[in-house]
Structure formats: structure tokens, C-alpha cells
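In what follows, a structure is listed as C-alpha cells, so that the remarks can point back to it.
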Amino acid sequence: ITGGNLDGADLSSIRFEGGSLSASLNGATLTGLDLSEPKLTSKGFIEAELTGANLSAEDRELSGADFSRCACAGVRFDHLTLRAANFTDANLRGASFVGTRLFGADFSEADLTDVDFTDAIRNSVVGFDTAEGLETAKGLF
């Protein structure tokens, strides 16, 4: 799926095997999807429902991805490079950023309860001072 607008679409029953996903996904439902295989270049996930999805992939970069106000509980962001990603006011409860490279990411007002940042590289990350649940996050301090 390349180009176009999938804002608000329910893609939770679609199975992605290879291929490419590059479309606006603001407000879309992607619950539980395994997005580790397709080439993922989408940047708009504002208010999307991603609970339990797997975005993990070696050598995948999502520069400027906007996950603000996104339901991302339990999402796996492992081993990604996220440059200037926006997680403002996102529910990231139980999400995993293991080995993720975070450059200029914004976690302002996000729920980081039980989030795993083990081996994550954090450079110029902002918003931890206003995030919730930091005391339960792993790998930060």
C-alpha cells in the first residue's frame, strides 16, 4: 500500500507479508498487526490504535513519525531508528524500545508505565520531565 490516505481505516485484520506501507494512518486501527515485514515509511499515526502491534525491524528508520495521542500500549518499537518522533500524550504503557535509537524524540505527557528502554540510545530526547510512569520504566536510569 503506497501513497494515499488511510486515515481512520480499520486495518487490524490485514496480514502484511513483505511489500510496502507508505500512507497516512492518522486515526487508523492497526491493533495487534505485525508490521515487522513490510517496508514501513508511514509517518502519520496521530490518534491511531496500535495496541499490541509489532513495528520492530533492524535498520528501519522512521524520521519525523508522529505518534501523538496514539494508543500504543504494548507496541514493539525494538531496534528502530526514530529521529524527531513525536510521542506527545501517547499511551505507551508496556511498550518496548529495546535497542532503539531515539534521536530528538518527544515523550511529553506520554504514559511510560512499564516501558522497556533497555539498550536504547537516547540523544536529545525531550519530555521525560512531563511523562507519567517514569518510575516503572526500565533501562532509563
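The values are calculated or read from the model by the stated rules, or taken from the named source; none is laboratory data. Everything numeric here is computed off the predicted structure, so don't read it as measured data. As a convention, Cβ positions derive from the backbone with ideal geometry for all residues, glycine included, and neighbour counts pool all protein chains shown. Accessible surface is based on the protein model in full, side chains and every heavy atom, while ligands, DNA and RNA are left aside. Shrake-Rupley method; radii C 1.70, N 1.55, O 1.52, S 1.80 Å.
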With the condition kept exactly as written, say whether any residue in the stretch 133-140 is modelled with pLDDT of 95 or more, surrounded by fewer than 21 Cβ atoms within 10 Å (Cβ to Cβ) and under 16 Å from E49 (Cβ atoms). no
Regarding the stretch 100-109, can at least one residue be identified that is touching a His at 6+ places or on another chain (Cβ under 9 Å), under 13 Å from R76 (Cα atoms) and open to solvent by less than 20 Å² (accessible area, probe 1.4 Å)? yes
Of the conditions (1) open to solvent by 40 Å² or more (accessible area, probe 1.4 Å); (2) not in a strand (DSSP E or B), R122 fails just one. Which one is it? (2)
Options A65, A23: the member that is modelled with pLDDT under 95, within 12 Å of the chain's Cα centre (by Cα) and open to solvent by less than 40 Å² (accessible area, probe 1.4 Å): A65
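A quick yes/no check of all residues on (1) farther than 20 Å from N5 by Cβ; (2) touching a residue at least 60 places away in the same chain (Cβ under 8 Å); (3) of a type in the set (A, V, I, L, M, F, W, C); (4) in contact with a Cys (Cβ under 6 Å, 6 or more places away or on another chain):
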| residue | (1), (2), (3), (4) |
| --- | --- |
| D66 | no, no, no, no |
| A85 | yes, no, yes, no |
| T88 | yes, no, no, no |
| T118 | yes, no, no, no |
| D129 | yes, no, no, no |
I'd like to verify a number: residues in the stretch 38-52 that are assigned to a loop (DSSP other than H, G, I, E, B), open to solvent by less than 60 Å² (accessible area, probe 1.4 Å) and in contact with a Lys or Arg (Cβ under 8 Å, 6 or more places away or on another chain), how many? 1
Identity of the residue in the stretch 107-135, within 18 Å of L80 (Cα to Cα) and aromatic (F, W, Y), that ends up nearest to the chain's Cα centre (by Cα): F107
Tally, over the stretch 53-82, of residues that are of a type outside the set (D, E, K, R), assigned to a loop (DSSP other than H, G, I, E, B) and farther than 23 Å from E109 by Cβ: 3
